[in-house]
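Working notes for the structure below.
We did not get these values from a lab; they are worked out from the coordinates using the rules stated. Fair warning: this is a prediction, and the values are worked out from it, not measured in the lab. Glycine also receives a Cβ, built like all others from the backbone with ideal geometry; neighbour counts cover every protein chain displayed.
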Amino acid sequence: AVPNMPGAVPRTSSRVLSGLTVSYALAMANLGVEDAVRRNTALGHGVNVWRGKVTHPAVAAALGREFIPLEQAMATASS
């Protein structure tokens with residue numbers, strides 16, 4: 001097992017990470033954060049907190065806060 005494969009090819013991994021980051025940033029800039037998160041499940045998986053609601057179970061457990069699924073937190077914030 002090789003624990004740090006990206007470290008073996010730092011330029012390539014940096015380019016890939018930059019390309020992915022730019023695509024997410026463009027989606028949020030063009031659609032707005034809420035629509036981008038609704039349309040892109042990968043972005044949704046990266047959300048830990050939505051308008052004060054903790055939307056990631058491990059983060060909620062670590063902070064001793066209630067976990068609220070992202071879809072529910074977004075629906076509550078919209079109403």
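Amide H contacts under 5 Å for TRP50: THR55, restricted to partners 5 or more places along the chain or on a different chain, H placed in the peptide plane at 1.01 Å from N.
Summing charges over all other residues whose Cβ lies under 15 Å from the Cβ of ALA73, with Lys and Arg as +1 and Asp and Glu as -1, gives +1. The slack between ARG38 and ALA61, meaning 0.36 nm per residue of separation minus the straight C-alpha distance, is 5.8 nm.
Taking other residues whose beta carbon is less than 13 angstrom from the beta carbon of VAL54, and scoring Lys, Arg as +1 and Asp, Glu as -1, yields +2.
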